[in-house]
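Report on the following structure.
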Amino acid sequence: MPIDKSWMSLADRGKPEWQHGMKAFLDMAFANVASRSNTIRCPCRRCVNVIHKTHDQVKMDLFRHGFDPDYKIWTFHGEDRFTESSNDNVEGIDNETNEERCDDARAYEMINNMIRGENLGSTTIDGDDDLHRPDREEPNENASKFFRLLRDTEQKLYPGCKKLTKLSFVVRLFQLKCLYGWSNKSVDGLLELFRLALPDDHVVPNSLYEAKKMIRDLGLDYEKIDACVNDCVLYRNAHATLEKCPICKEPRWMTSHENTDNESDETTIGKKKKKKISRKILRYFPLAPRLQSMETIR
C-alpha cells in the first residue's frame, strides 16, 4: 500500500495533517534503528540525507526547514525503493550496493564546504590580482596545478549558468545518486545526455570516473575502511583479514537477510556473484593532502 506523503507539500507545518505525517515518518524511520547509534539520515532541505541526527533533531529540522522535495522514495528510512515501480528493468544495475551508492554524499558535501569555506578566505580564484602581485612568490609546480584545478572546478557549468559551477554540479550529482540508488552506469548515461543537451562550451564531466578524478586531484579524496559495528576496531593492518571483531565477536559482514535489498549482481556469463557487504564503514579523510592544499592557497 502506497505511503501517504501529501503532507510533505503543506506550507503550514502547524497543521494536524503535517504533524501526523511527520510523526508517522519518524515512527517508521526509527523503527529499526540500533539503540547504540539512535540516529538516522536527516531528510530536511538543509541536511538532504547527508547528516545523521537524533529523533528530536530530525523533528526540529523538518519543522524549521521542511522536507527535501527531491526525496520522494524514503529508501533510507524503511521504504522499498522498488515499491512504486516494481516492474522496472533492473538488469543494468552494476556492482554497487545501496550503502556504496550513498556513501559519497556526505563526502562530497564536505568537499564542497571545504572548497568554499574559510580555507579559501581572501584568495581570489576568478581574479588574478592576488596571484599576479609583483611581491608574491611564484607558485611551485604543485601549487600551480592546484590553482588550475581550483579554477576549473569554479567554472560556470555553461556560459550564463547562474546556479551551478562544475564542482557544485558534481556535488549535487552525487547527492542524487545517493538518494535514488543510481548505478555507476546510469550516472555515465545521464552525463552523456547532459553533454548532448547543454551548449557546446559546457564543462560537464565526461564520466563518473572523471568527476571522481577531479576530486582526487584536488587532494580531497577519502578512504573507506571497514569497522566493527560496535566501534571496537578497524579492519586494517593486523585486523584486515578478520571475519569478526576480536573484541565483541560481532561479524564483519552483513548476513544474507540484512543484505536482501543490497545484493550485488555481477553478470559474468549468466552467473550471479554475491559481494560481501561490510556492516559499518569509516570514511577516512587523510590530513596530509588537506594541509598541502591549505598551504598552497595561503
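Observations on the structure shown:
- Failed condition for A197, given (1) among the hydrophobic types (A, V, I, L, M, F, W, C); (2) surrounded by 16 or more Cβ atoms within 10 Å (Cβ to Cβ); (3) at pLDDT 90 or above: (2)
- Residue that is modelled with the highest pLDDT, among those in the range 174-194 that are aromatic (F, W, Y) and crowded, with 18+ Cβ neighbours inside 10 Å: W182
- Pick from the range 15-32, criterion in a loop (DSSP other than H, G, I, E, B) and in contact with a helix residue (DSSP H, G or I) (Cβ under 9 Å, 6 or more places away or on another chain), ranking: farthest from I73 (Cα to Cα): K15
Conditions tested, residue by residue: (1) of a type outside the set (D, E); (2) surrounded by 14 or more Cβ atoms within 10 Å (Cβ to Cβ); (3) in the same structural domain as K185 (by TED's automatic domain parsing); (4) at pLDDT below 85.
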site	(1), (2), (3), (4)
I3	yes, yes, no, yes
L10	yes, yes, no, no
K15	yes, no, no, no
A29	yes, yes, no, no
F82	yes, yes, no, yes
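- Odd one out for W182 among (1) within 23 Å of I73 (Cβ to Cβ); (2) assigned to a helix (DSSP H, G or I): (2)
- A search for C-beta distances below 8 Å between a residue of the range 38-55 that is within 17 Å of G78 (Cβ to Cβ) and free of Cβ contacts under 8 Å to residues at least 24 places away in the same chain and any residue that is surrounded by 21 or more Cβ atoms within 10 Å (Cβ to Cβ) and polar (S, T, N, Q), counting only pairs 6+ apart in sequence or on different chains, returns C42/N49.
- Residue within the range 241-257 that is at pLDDT below 60 and either among the basic types (K, R) or not assigned by TED's automatic domain parsing to the domain that holds F169 (or both) present: yes
The values are calculated or read from the model by the stated rules, or taken from the named source; none is laboratory data. These numbers come from a predicted model, not from an experiment. Glycine also receives a Cβ, built like all others from the backbone with ideal geometry; neighbour counts cover every protein chain displayed.
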